[in-house]
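Notes to accompany the following structure.
Read-outs: derived from the displayed coordinates by stated rules, not from any lab. For clarity, every value in this text was computed on a predicted model and none was experimentally measured. Counting neighbours? That spans all protein chains shown, and the Cβs are built from the backbone with ideal geometry, glycine included.
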Amino acid sequence: MAIVAPSILSADFGHLHDEVADVVAKGAEWVHVDVMDGRFVPNITIGPVVTQAVKKAAGEAVVDVHLMIVEPDKYLADFRNAGADVLTVHAEACTHLHRTIQVIKGLGAMAGVSLNPHTPESVLDYVLDELDLVLVMSVNPGFGGQSLIEGVFPKIERIKESITRRGLSTLIEVDGGVKPNNAHRFTAAGADVLVAGSGVYKAEDRAAAIAALRAS
Ligand code: DX5
Ligand code: ZN
């Protein structure tokens with residue numbers, strides 16, 4: 001069974017509490033929060049205040065915060081205090097990635113590192129053993145509703161192979177263009193956690209979409 005993490009980027013922000021509670025009630029174990037700063041990515045989204053509201057609405061679900069921001073170190077404690085259970089930073093945004101990972105772990109959160117589509121998985125060679133999660137971007141980050149980039153599949157396979165070879169329990173999460181009808185390709189390659197924004201929130205039947213993603 002895959003873990004499903006609906007991305008609230010595609011939710012109705014005018015009814016955010018209900019939109020979060022809805023997907024949790026329909027089987028989502030994680031809720032994915034996309035934080036964008038208008039610098040690392042072209043878009044601007046939400047900060048710790050809204051994350052705190054998401055945490056309240058999420059109940060027992062894991063709040064999975066994806067930081068698409070420059071200088072994430074400045075805000076790690078704020079997002080942790082807001083209720084983030086997982087804090088994922090981008091390798092491309094961290095000058096001292098190893099140190100940043102230690103800070104996240106020191107805050108008591110699960111530590112994740114995300115890779116843009118062009119970033120080789122080898123940047124993880126000397127930090128993989130420290131990580132709870134690798135977030136592999138299957139689109140260029142910044143917007144929901146994009147189509148997946150095919151090159152992601154061999155990359156997931158290579159990361160999975162490293163995790164297995166090293167005997168780690170690091171989760172692989174995938175993000176971007178994940179839908180009920182292609183999710184099996186991600187899990188076959190080694191993905192454990194499926195982020196889906198439009199694939200869940202824009203689905204006619206959200207419960208069915210979540211169930212199909214979980215089963216894939
Ligand atoms: C993109 C975000 C994603 C986005 C996914 O930058 O990181 O989490 O919400 O949206 P879909 O699933 O619609 O591609
Ligand atoms: Zn995301």
- Message: Scan the range 177-189 and tell me whether some residue there is aliphatic (A, V, I, L, M), at negative phi and more than 16 Å from ligand 2 (Cβ to nearest atom).
- Response: yes
- Taking VAL193, is it touching a residue at least 24 places away in the same chain (Cβ under 8 Å), within 17 Å of HIS32 (Cα to Cα) and touching a helix residue (DSSP H, G or I) at 6+ places or on another chain (Cβ under 7 Å)? no
- Task: Starting from the range 135-159, take each residue that is over 20 Å from VAL41 (Cβ atoms) and list its partners that are hydrophobic (A, V, I, L, M, F, W, C) and part of a helix (DSSP H, G or I), counting only C-beta distances under 7 angstrom and pairs at least six apart or across chains.
- Result: PHE153/ALA189; ILE156/PHE186; ILE156/ALA189; GLU157/ALA189
- Check whether at least one residue in the range 10-33 is within 20 Å of ASP73 (Cα to Cα), within 15 Å of ligand 2 (Cβ to nearest atom) and free of Cβ contacts under 8 Å to residues at least 12 places away in the same chain, and report yes or no. no
- Message: Can you find, within the range 34-64, the residue that is farthest from ligand 1 (Cβ to nearest atom) among those that are under 17 Å from VAL23 (Cα atoms) and in contact with a His (Cβ under 8 Å, 6 or more places away or on another chain)?
- Response: LYS56
- Message: Just to be sure I understand, how many residues within the range 158-182 are acidic (Asp, Glu) and assigned to a helix (DSSP H, G or I)?
- Response: 1
- Query: Could you list, in sequence order, the residues of the range 133-181 that are surrounded by fewer than 15 Cβ atoms within 10 Å (Cβ to Cβ), within 16 Å of ligand 1 (Cβ to nearest atom) and under 24 Å from VAL62 (Cβ atoms)?
  - Reply: GLY145
